[in-house]
Structures are given as structure tokens and as C-alpha cells.
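Before any comments, here is the structure.
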Amino acid sequence: MDVHAAQWIGKRERMEDAYAVSHFPEGTLAVVCDGMGGHCHGDEAARVAANAFCTAFAQLPGLPVQRRLRVALDEANEAVGALYLQTGTFGGTTLLAAFASHGLLHHVSVGDCALFVWRGGTLRRLNEDHSMRALYKGYGPACAIPDSHCLRSALTGEPPQLVDAPQGFPLLPHDRIIMSSDGAEALLFDSPLPTGLATILSDRAVPLAPAIVQACERLQDEYADNVTVLTLDVD
């Protein structure tokens, strides 16, 4: 399975996204975190959560995958809580983790990072959106609605209000798995797909993550958020 990652700081002063990839004999784990904007230490929260998640997941080889993901999520949440207890501030991060193994894709997510599969010319979102954007769906482009980016669930050290952790999704040959922070919203989150995106998603000769990030840069959005994209190509 080919794995690629790419980031762009956008028009922000610092990068508050973090990602991690770990390979195991039984599969590949990928994690994307997006520190809560407007709060303290968002970049540290994202990094701490991603690292804690991967460490915990690696230490639980005997558990079923979905349980393993959920326990690792709890460990990541505790690590974020410890960070804010130490700093005496408040904040948090989103987290999306996916594990591809034996023809199945398992995931757990809190927040608004997105998990997609590109299959047969269709881009399908696989995880829930824990932002106000999801509640406004059907009322026009999310980016045009005030407060659409406000989170309904995040890792802060307190029990998250919403957790998406369904059963495994069956993978097929030539599927392309895409994980992204919400900085790629204008390109990936709304339908119909922007002009030319289907061509990018279908071109397996070019690493997909950098191609998506470059497409985000070409949008020339003066308010562009951090963008992080991880892609996994199924053989």
C-alpha cells in the first residue's frame, strides 16, 4: 500500500495540524490531527494527540482493531488533557485515525477531519463531521455560513461528546483513501467536485497527497487554513 503525506501552512502564522503514519505487519495506521484554532497550544495538542495515539495503538496488538482504536483515542485524549493541565490553559484538537488491514478500513474520529474513499469515479465520505457544517448541510456552501467551522466535539481531556467509530469498511483493489484536515474543505468537502479534481484523484501515476495540497494552494484563498492530507492507495 502506497502512503503519501503533504502539508501547507495556508495563510496562517503557524502550522497547527499534525500527522503520523505507522506500519505494522498486519496493516498501516494513519493519523491526522488539527489543533483547535483560536485556543492555546493547538499545535502542541495536535502533535501530542497523534504521538500518544500511535504509541498506545502499538502497545495493544492483542485487541480487536476497533477496540484498539478506541483505547488509543482515550489515551490521546488523556495526553491532551495533561498538556492543558500543565499549561493552565484550555484548548484541544480533532483526531482522525484509520487502520487499513486485510481488505478492511477501520477508523475512529472526533471533530471535523475528513476520511474519504475514491472509488469508480466517486468521492465518498466515510466518517461523521462533528462541526456545525454538518448541521447546516443543505443550506448552501458550508464555507459561506457563519460559524460552520465551530466544533461539536474535540479532544480536550474531557470525554468527547461525539465519537465516530463504526465497523470496518470493505476495501477494493484500486481504492484511494484520503484523510484531510478541514483546510481542504473548499476542494474536497462540498459537491459537485471542483473542476479538474476528478482528474487529480484518478491519476495513480502521481502521488495523490501532494497533488491535492497543490490544488488547494491554487485556489488562492486569502483566508486559507492549514492543510494536511494523507493518502493510502490500495493495490
Considering residues of the range 65-101 that are open to solvent by 10 Å² or more (accessible area, probe 1.4 Å) and touching a strand residue (DSSP E or B) at 6+ places or on another chain (Cβ under 7 Å) only, the residue nearest to PHE24 (Cα to Cα): SER101
Could you grab me the full set of residues in the range 112-128 that are open to solvent by 20 Å² or more (accessible area, probe 1.4 Å) and either of a type in the set (Asp, Glu) or assigned to a strand (DSSP E or B) (or both)? ARG119, THR122, LEU123, ARG124, ARG125, GLU128
What are the pairs with Cβ atoms under 6 angstrom where one residue, in the range 70-94, is within 20 Å of ALA114 (Cα to Cα) and the other, located anywhere, is open to solvent by 20 Å² or more (accessible area, probe 1.4 Å)? Sequence gap at least six, or different chains. ARG70/ALA165; ALA76/ALA52; GLY92/MET36; GLY92/THR156
Being of a type outside the set (Val, Ile, Thr), closer than 23 Å to GLY103 by Cα and open to solvent by less than 40 Å² (accessible area, probe 1.4 Å) is the filter; apply it to the range 6-55 and report the residue that is farthest from the chain's Cα centre (by Cα). GLY27
List every residue pair whose Cβ atoms sit under 9 Å apart, with the two residues 6 or more apart in sequence or on different chains, where the first one lies in the range 185-213 and is surrounded by 13 or more Cβ atoms within 10 Å (Cβ to Cβ) and the second, anywhere, is among the charged types (D, E, K, R) and part of a helix (DSSP H, G or I). GLU185/ARG133; PHE189/ARG133; PHE189/ASP182
Residue check: is ASP129 of a type in the set (D, E, K, R) and touching a Ser or Thr at 6+ places or on another chain (Cβ under 8 Å)? no
Kindly evaluate VAL21 against the criterion of being at pLDDT 95 or above, farther than 23 Å from LEU171 by Cβ and among the β-branched types (Val, Ile, Thr). no
Given the conditions (1) out of contact with any helix residue (DSSP H, G or I) (no Cβ under 7 Å at 6 or more places or on another chain); (2) closer than 21 Å to THR228 by Cα; (3) charged (D, E, K, R); (4) at pLDDT below 95, and given that ASP190 satisfies all but one, which numbered condition is not satisfied? (1)
Take SER109 and decide whether it is assigned to a strand (DSSP E or B), within 25 Å of ASP225 (Cα to Cα) and at pLDDT 95 or above. yes
When only residues in the range 152-184 that are open to solvent by less than 60 Å² (accessible area, probe 1.4 Å) and touching a His at 6+ places or on another chain (Cβ under 7 Å) count, which is nearest to LEU126 (Cα to Cα)? GLY168
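The values are calculated or read from the model by the stated rules, or taken from the named source; none is laboratory data. Treat the numbers as computed from the prediction; the structure is a model and nothing was measured. As a convention, Cβ positions derive from the backbone with ideal geometry for all residues, glycine included, and neighbour counts pool all protein chains shown. These accessible areas exclude ligands, DNA and RNA; they are computed on the full protein's heavy atoms, side chains included. Shrake-Rupley method; radii C 1.70, N 1.55, O 1.52, S 1.80 Å.
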